[in-house]
1. Rounded to the nearest percent, how much of the accessible area of region 204-342 (1.4 Å probe, protein heavy atoms only) is carbon and sulfur?
2. With a probe of 1.4 Å, find how much accessible area region 159-268 has per residue, and write the answer as a whole number in Å².
Amino acid sequence: MRRSFSGVPSASPVSPLVDPPPSRSPSRHEGRRARSRRPAADPGRVGKARLSASVGAPLPARPRETTAAAAGAGGLNDVVVAFEQVSLWRSSAGVRRTLLDRIDWTVRAGQHWGIVGPNGAGKTTLLRIASAQMRPSDGIAEVLGERLGRVPLQELRRRIGLVEPALGRRFYPDQRAIDVVLSGISGSILLVGEPGESEVGRARAALAAVGVPDLGARRFVSCSEGERARIMLARALVTEAPLLALDEPAGGLDLGGRELLLEAFEHAVGERPGLTTLTVTHHIEELAPSTSHALLLREGRVISAGPLADALTDGSLSECFGLPLRLERSGGRLFPTRAPRT
């Protein structure tokens, strides 16, 4: 029986998410039969313009081999997330509900995206696909160069740092802060085996990077909400992953806790220039000054997407939330207010 660094027994690695193996590839003869039955392309769909949230040309809709070749030759190899006509739906009692509707989106290395929208807009669903937590119902989603559905999602998750409030509630009462951070290396709730000196050193460095170097020996459950939020950020950073996905990281924090978390986030981003981040929020003021791009969602559809100054405006924000709103800028941050009635 293995034990966690905190002494909690574990019979096997415990992963919060388990992904089934990829499906069998069709044989050569099966592929020929499938191609012979394939309907002709719809000229209207092929010619339909697609919204791209990237800076520059959108990701072309080509076979994967062609796209990969173009990436090597044309500078597209810095693409971290690419969605092409991505949709997701759920069915209940024979009724299908669309959560994401034909999303086109491109994220490049070193960009910091704020994903904004009202409750129920599809923000968390989009983030879960972009962080390899789930597959779309339709369309093409590529994360870190891998197409979802062709590789086990668990393999991709090891290359992504994840911060979400629900995960923080799954740890055991006797786990220390450093145990929680170390669990990020394996992507599990409990540790597998005894961590080495280098891993413990990385965990301590991650705690120092988010401003809580003295909390390592404290029980996670005894920490304040603000401290837990920064410990969870350290857990995501300890993986040294190229992609960081944050779902409402400041949710439930008071003003002081929120500002300390944003300060820790800014410090971490400054220390890692190549890091790409995706932050979901419906509070514009929770976007860090380093935010470079924004994607606004409403009812599963993109309202606007692109560089922050272009995508997040008074008009787009008002359309997104269905209210006349105005943005004020201060200290690199954005603060929304209700526009005066006319």
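1. Working: 3160 of 6230 Å².
Roughly 51 percent of what the probe reaches on region 204-342 is carbon or sulfur.
2. Values: 4560 Å² over 110 residues.
Ligands and nucleic acids excluded, the result is 41 Å² per residue.
The values are calculated or read from the model by the stated rules, or taken from the named source; none is laboratory data. Note that the structure is predicted; figures quoted are calculated from it, not measured. Just the protein is used for accessible areas: all its heavy atoms, side chains included, with ligands, DNA and RNA removed. Shrake-Rupley method; radii C 1.70, N 1.55, O 1.52, S 1.80 Å.
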